[in-house]
Amino acid sequence: MTDTFSDTPETDYQRVQRSAEFQALRRRFRNFVFPMTALFLVWYFLYVLLSTYAHDFMGTRVWGNITVGLLFGLGQFVSTFAITMIYARWANNRQDQVAERLRRHIEEGSLDGGEVA
Amino acid sequence: MSTVVRTATEQVGEPLVNIAIFGAFVLVTLIIVFRASRTNRTAADYYAAGRSFTGPQNGTAIAGDYLSAASFLGICGAIAINGYDGFLYSIGFLVAWLVALLLVAELLRNTGRFTMADVLSFRLRQRPVRMAAALSTLAVVFFYLLAQMAGAGGLVALLLGIDDRAAQGVVIAVVGALMILYVLVGGMKGTTWVQIIKAVLLIAGAGVMTLWVLSKYGFNLSELLQGAIDQAGEGGEALIEPGKQYGASAMSQLNFVSLALALVLGTAGLPHVLMRFYTVPSAKEARRSVVWAIWLIGIFYLFTLVLGYGAGALVGPETITSAPGGVNSAAPLLAYELGGTILLGIISAVAFATILAVVAGLTITAAASFAHDIYANWLKRGEVKPDGEVRVARITVVAIGILAIIGGIFANGQNVAFLVALAFAVAASANLPTILYSLFWKRFNTSGALWSMYGGLISCIVLIAISPVVSGKVDPNTGASLSMIRDTSIDFHLIPLENPGIISIPLAFLLGILGTVLSKEKPHPEKFAEMEVRSLTGAGAEKATVH
């Protein structure tokens with residue numbers, strides 16, 4: 001491996017990484033996926049723990065033989081489908097163009113002095 | 001009248017019809033595989049199908065890869081017998097895909113080439129990290145493969161009416177040989193087509209049966225549940241409440257929570273799932289793949305809910321448990337009840353196709369990992385001609401195929417259902433922490449990766465080995481062994497926990513942090529910059545090959 005002293009010249013990728021446009025892309029990505037991941041994991045474990053430890057509550061009949069537990073379970077399907085579509089739409093509309101522009105800049109080598117946008 | 005009842009419990013349907021329909025599937029897929037193989041030239045063709053599949057195609061193949069015989073036959077049976085708790089199991093398998101969608105699929109597509117190890121070793125020291133990632137890949141694949149092949153034996157007994165162990169072994173060998181042929185000739189392209197065809201047949205077949213069952217109950221789910229409750233007789237109400245399977249004791253509850261953790265975090269660390277993301281031309285197509293996969297897998301699990309309760313209502317738990325194949329026979333018996341010999345033949349053929357497709361996906365993953373990670377990059381330090389690597393991969397396919405056949409014959413009739421859960425636990429412990437750390441944590445380094453991967457892998461295997469799953473679990477009513485080792489006098493279990501996830505997953509995440517912080521390794525900010533920029537923008541990502 002090459003050394004990594006502070007006087008090593010900055011690579012193209014580091015220049016891109018430092019650029020405002022990339023930082024904004026990265027921030028938007030993390031601000032979306034991390035809270036979303038936390039949300040569905042909390043919702044999933046809430047469901048798992050209720051199903052494991054709150055039998056009476058989950059076994060409550062809502063209508064006919066449809067129990068609270070069944071509705072919660074079907075709710076997991078609904079939330080999974082919803083998060084999938086929300087993410088796909090968000091990524092298609094908000095991220096792809098920026099990512100594509102940065103990719104072209106890098107691959108065509110049109111980087112200079114850290115100014116990407 | 002009595003003969004009808006007898007044939008219904010001993011041998012349902014007509015084995016010749018089952019074999020004929022399965023034979024037709026094999027013939028059609030073989031033709032497609034041979035046609036697809038004509039464009040197999042480079043390593044990218046062989047491992048990643050030239051990265052030329054579209055998102056919807058790959059999403060369908062992912063569903064075909066993921067919906068194993070265990071999830072089709074196993075979950076239908078679990079719902080028929082245990083009701084709600086079987087349904088609970090399927091939800092973890094679905095929600096897990098959000099981890100892959102949000103955190104892994106696109107970033108992995110942008111930074112890797114053929115295997116999981118490509119991504120993990122991107123900015124760390126190549127050889128040790130590749131070796132660790134390859135070993136954990138091979139471990140996951142081996143456990144999963146053995147579970148599938150062992151399941152094949154039970155399926156043979158049920159669907160072809162073959163009770164003789166030796167004859168079952170012959171059928172397992174035929175299934176294994178077919179799989180070797182597909183993967184050897186077709187590579188990833190052939191494997192993908194087998195998975196696509198199988199997924200379409202499986203989901204369509206399950207869909208038709210679902211509508212059929214619902215139509216018998218006026219499309220009223222509550223009525224269907226009532227049917228299952230009535231058929232179960234005394235205590236049937238428990239079918240629609242949680243706890244029938246996992247609620248017995250505090251320990252079984254903890255076991256379930258542990259399993260739920262491994263299921264939701266394991267999927268995004270399964271090497272054969274990760275490898276599928278390389279078969280599309282871009283990260284955007286990888287995203288579309290997962291969107292398609294989530295819809296198909298989710299809809300399929302909704303079908304299994306109806307099919308499971310339908311089997312409970314129309315066939316009945318007693319008939320199911322006493323049939324050859326036991327719980328796994330719920331879906332085939334329901335097919336016979338609904339559509340007679342022909343529908344049973346179709347569903348049986350689909351079940352065989354399922355084993356074939358899943359095993360093929362596992363085999364090409366293991367072969368790629370051995371040839372690309374261990375042979376080309378570890379042993380030969382990258383100094384190897386691409387066609388040399390593919391040749392090694394093909395040899396590995398044959399070796400793994402033979403191993404799978406032998407393993408399947410020996411595991412036939414053994415109690416190895418825990419192997420699928422173990423594969424998920426290893427994937428969640430040994431693979432996922434390192435994948436996430438290397439994608440998102442700047443400071444992460446080689447020793448963190450090695451601590452986490454080996455720690456996760458070893459802790460999972462040790463915890464399983466000293467658990468009641470392997471030895472010392474005895475049915476309190478019958479005195480029969482419920483462990484892998486059937487001899488009840490051998491008992492070396494030390495802990496009551498049956499699913500290692502709740503210990504091994506947090507441990508592996510923790511070891512990743514400790515290994516990183518305690519190591520003196522110098523960070524490589526330029527490598528992290530390259531990985532981060534590439535992962536989010538797709539710059540320098542592998543392109544599709546043009547033929």
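The values are calculated or read from the model by the stated rules, or taken from the named source; none is laboratory data. Since the structure is predicted, the reported quantities are computational estimates derived from the model, not experimental observations. Here the Cβ positions follow ideal geometry from the backbone for every residue, glycine too, while neighbour counts run over all protein chains shown.
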| request: Looking only at the stretch B:268-285, count how many residues are over 14 Å from B:TYR66 (Cβ atoms) and within 11 Å of chain A (Cβ to nearest Cβ). | output: 3
| query | Does B:THR29 satisfy the criteria of being among the polar types (S, T, N, Q) and surrounded by fewer than 20 Cβ atoms within 10 Å (Cβ to Cβ)? | reply | no
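Residues that are more than 22 Å from B:SER68 (Cα to Cα): list the helices (runs of 4 or more DSSP H) wholly contained in the stretch B:385-482 that include at least 2 such residues. It would help to see each step written out before you state the result.
Details: elements: B:386-411, B:418-426, B:432-440, B:446-465.
Qualifying helices (runs of 4 or more DSSP H): B:386-411, B:432-440, B:446-465.
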| message | Can you pull out every residue in the stretch B:505-538 that is buried (at least 22 other Cβ atoms within 10 Å of the Cβ) and of a type in the set (Gly, Ala, Ser)? | response | B:ALA508, B:GLY512, B:GLY515, B:ALA529, B:SER535, B:GLY538
| said: I need the full set of residues from the stretch B:70-98 which are in contact with a Leu (Cβ under 7 Å, 6 or more places away or on another chain) and more than 7 Å from chain A (Cβ to nearest Cβ), in order please. | reply: B:PHE72, B:CYS76, B:ILE79, B:GLY83, B:GLY92, B:PHE93, B:ALA96
| request: Could you grab me the full set of residues in the stretch B:209-258 that are among the charged types (D, E, K, R) and assigned to a loop (DSSP other than H, G, I, E, B)? | output: B:GLU234, B:GLU241, B:LYS244
| query | What is the number of the single condition among (1) in contact with a Gly (Cβ under 7 Å, 6 or more places away or on another chain); (2) within 30 Å of B:TYR46 (Cβ to Cβ) that B:LEU436 does not meet? | reply | (1)
| remark: Of all helices (runs of 4 or more DSSP H) fully inside the stretch A:31-117, the set with 2 or more residues that are under 27 Å from B:LYS284 (Cβ atoms) and of a type in the set (Phe, Trp, Tyr) is A:68-90
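In this structure, is B:PHE122 within 20 Å of the chain's Cα centre (by Cα) and either surrounded by fewer than 24 Cβ atoms within 10 Å (Cβ to Cβ) or part of a loop (DSSP other than H, G, I, E, B) (or both)? Lay out the reasoning, then the answer.
Numbers: within 20 Å of the chain's Cα centre (by Cα): no; either surrounded by fewer than 24 Cβ atoms within 10 Å (Cβ to Cβ) or part of a loop (DSSP other than H, G, I, E, B) (or both): yes.
No; evaluated as a whole, the condition is false for this residue.
Being surrounded by fewer than 20 Cβ atoms within 10 Å (Cβ to Cβ) and within 30 Å of B:PHE34 (Cα to Cα) narrows it down to one of B:VAL185, B:VAL194, so name that one. Don't jump to the end; show me each part of the working.
On the way: B:VAL194 fails: surrounded by fewer than 20 Cβ atoms within 10 Å (Cβ to Cβ).
After applying the criteria, what remains is B:VAL185.
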| query | So which residues in the stretch A:62-117 are within 8 Å of chain B (Cβ to nearest Cβ), under 22 Å from B:TYR89 (Cα atoms) and either at pLDDT below 95 or surrounded by 18 or more Cβ atoms within 10 Å (Cβ to Cβ) (or both)? | reply | A:ASN65, A:ILE66, A:THR67, A:GLY69, A:LEU70, A:GLY73, A:GLN76, A:PHE77, A:THR80, A:ILE83, A:THR84
